[in-house]
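I have placed the structure first, in the form of structure tokens, so that the comments after it can refer back to it.
The values are calculated or read from the model by the stated rules, or taken from the named source; none is laboratory data. Note that this is a predicted model, so its numbers are computed, not measured. Cβ atoms come from the backbone with ideal geometry, glycine included; neighbour counts cover every protein chain shown. Side chains are part of the model used for accessible areas, which takes the heavy atoms of the whole protein and leaves out ligands, DNA and RNA. Shrake-Rupley method; radii C 1.70, N 1.55, O 1.52, S 1.80 Å.
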Amino acid sequence: MKSEIIVDASLARKAVPAALTESGRASCARRVLVLDDEIDVARTIAAQVSALGHEARAVTDHEAFCRELSAFRPEILIIDTCMPGHDALDVVRDLKATSETQIIVTSGFGRRMIETVVHSARHYGHDVLGALPKPIRRKALDGLLKQALVRAAPQPPRTAPDGAPPAPPAPTAAELGDALQRKEFLAYFQPKRCLKTNSICGFEALVRWSHPRHGVLSPAAFLPQILEHGLEADLTFQMLDQACDFLAKLPHPGLRVAINCSLATVQLPEFRKRLDAAVLRHRLIPGRLIIEVTESGNAELPQHAIETLVRLRMAGYELSIDDFGTGVSSLMRLVRVPFAELKIDRSFVDGLSKSDEAQDIVASLVTLGRTLDMYVSVEGIEDAATLDRITALGCDVAQGYFIGRPMPADAAARMYLEASGA
Ligand code: C2E
Ligand code: MG
Ligand code: MG
């Protein structure tokens, strides 16, 4: 097929506003390359882009596309999903991901097809602005192009999570043993908001290492080594004590604290004994503690583990299945263990408000949770739009930086007391 390049410079000039750069383009205009194997469609999209004040070129095959990449140096690519010979999946795989080029995916094949290509493009490291089902609506196109302008503005440097310094070298077993002995591992508490009452209903205890030289370290800097050296049980017992201390100071029956545990630690005979002893010592009821068992890891859930978890539930402890959706035997575990909470993993929440697919998944998990008599939490809520979405989708509890970051016990208690008006 003969390659076709359509240049819509005239339209672009017509729509250019007054303030021009030396290159003759409007300061906010972008170079946009449209790739669509149907000539009429390619032309129409390019004309729409030009009419919005940008410089557009359209190509109909891969050869012309490659030529224009170096000749025109587009800042935004609008790519059709289905093209004979070299389709969008080939394009996003072969294209070098650069911070200068952003991608918009278009398709007449429905949103599932578009979302699949968007995922692939992101997998290869591309900055995807969004997807546009065909026929393309001018308003939607304008919205994405404007978003490109916002994203192209210089971004402030990213800070390490929770203000933590860069990770020091991996700690040795001896260093971790000493740190445990000196009680340097602290529980930080991240609030969880009930979406029905809009109030704080609990906290998750997340470990931090108050390191004498490196400052406050996040789990990524030491948890893998804790697990590797078989120290997780000791760490869990220290976290348990701090969680119970925290709860004992806030004698509000509805307020609960979750602690994170691997399945291996939960199965230790000592675990149940230590748990009961801590609850008794702090005069708590077991229902104020949630045991969050991580969903990833073991493919199998042995009968022994099932029995241990069921007995914990019988004793009144709440069970939560953490990071749901990342493991392999999710459904089996859900059905066989009376978990009270299903915590949807953060990966499903990324870009939730813009992804129909992610919303469908969350909605299905809410239905699944309801069917199994569980409440559904979502972690990783970083903005108001996502909070609104998960509320509308029927989730029960939200957790994330938008609601509150993990913080030391005193700060968390203050936050809770202020928020609850106590
Ligand atoms: P997790 O249990 O799934 O905890 C949630 C993680 O997401 C926490 O990371 C939290 O700080 C982070 N997070 C919360 N909200 C947001 C948000 O809005 N955006 C983003 N980007 N992140 C958010 P953290 O504290 O680094 O903990 C990582 C993991 O380490 C935890 O994941 C948990 O699996 C493990 N962990 C933490 N504390 C303990 C512990 O005491 N024992 C064990 N066994 N594992 C722990
Ligand atoms: Mg957790
Ligand atoms: Mg989690």
* Asked: So is Leu223 near ligand 1 (Cβ under 10 Å from one of its atoms), of a type outside the set (Gly, Ala, Ser) and open to solvent by 20 Å² or more (accessible area, probe 1.4 Å) or not?
  -> yes
* Tally, over segment 366-422, of residues that are under 25 Å from Met239 (Cβ atoms) and of a type in the set (Lys, Arg) -> 2
* Would you mind finding the one in Ala26, Ala15, Ala56 that is open to solvent by less than 30 Å² (accessible area, probe 1.4 Å) and at pLDDT below 90? => Ala26
* Asked: Any idea how many residues of segment 386-401 are polar (S, T, N, Q) and within 16 Å of ligand 2 (Cβ to nearest atom)?
  -> 1
* Structure fact -> Result of the Cβ filter at 9 Å on segment 200-212, keeping first residues that are more than 22 Å from Tyr416 (Cβ to Cβ) and partners that are more than 14 Å from ligand 1 (Cβ to nearest atom) and of a type outside the set (Lys, Arg), at least 6 apart or interchain, is Trp209/Pro171; His211/Pro168; His211/Pro171
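Residue-by-condition table, conditions (1) free of Cβ contacts under 8 Å to residues at least 40 places away in the same chain; (2) within 19 Å of Met415 (Cα to Cα):
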{"position": "Thr197", "(1), (2)": "yes, yes"}
{"position": "Ala220", "(1), (2)": "no, no"}
{"position": "Leu227", "(1), (2)": "yes, no"}
{"position": "Glu232", "(1), (2)": "yes, no"}
* Go through segment 241-269 residue by residue and tally those that are within 16 Å of ligand 3 (Cβ to nearest atom) and part of a loop (DSSP other than H, G, I, E, B). => 1
* To do: State which residue pairs qualify: first residue over 17 Å from Gln190 (Cβ atoms) and inside segment 376-399, second residue away from ligand 3 (no atom under 16 Å from the Cβ) and among the aliphatic types (A, V, I, L, M) in any location, beta carbons under 7 Å apart, and separation of 6 or more residues or different chains.
  => Val376/Val366; Thr391/Leu195; Leu393/Ala363; Leu393/Val366; Gly394/Val366
* **Residue check, Arg311 modelled with pLDDT of 95 or more and among the basic types (Lys, Arg)** => no
* Does Lys192 meet the test of being under 30 Å from Gly254 (Cβ atoms) and in a loop (DSSP other than H, G, I, E, B)? -> no
* Qualifying strands (runs of 3 or more DSSP E) (wholly inside segment 309-422; at least 1 residues being assigned by TED's automatic domain parsing to the domain that holds Ser199, open to solvent by 20 Å² or more (accessible area, probe 1.4 Å) and within 16 Å of ligand 3 (Cβ to nearest atom)) -> 318-324, 375-378
* Scanning for something in the same structural domain as Arg288 (by TED's automatic domain parsing) and assigned to a loop (DSSP other than H, G, I, E, B), does segment 202-213 turn up at least one residue? -> yes
* Asked: Does Arg283 satisfy the criteria of being basic (Lys, Arg), free of Cβ contacts under 8 Å to residues at least 60 places away in the same chain, crowded, with 16+ Cβ neighbours inside 10 Å and under 23 Å from Leu319 (Cα atoms)?
  -> no
* **Out of Asp323, Asp350, Asp345, Asp356, sole residue that is within 19 Å of the chain's Cα centre (by Cα), at pLDDT below 90 and at positive phi** => Asp323
* To do: Say whether the condition of being over 22 Å from Ser320 (Cα atoms), modelled with pLDDT of 95 or more and open to solvent by 10 Å² or more (accessible area, probe 1.4 Å) is met by at least one residue in segment 189-198.
  => no
* To do: Please give the helices (runs of 4 or more DSSP H) falling wholly within segment 54-131 in which 2 or more residues are closer than 20 Å to Ile39 by Cβ and not polar (S, T, N, Q).
  => 62-71, 88-94
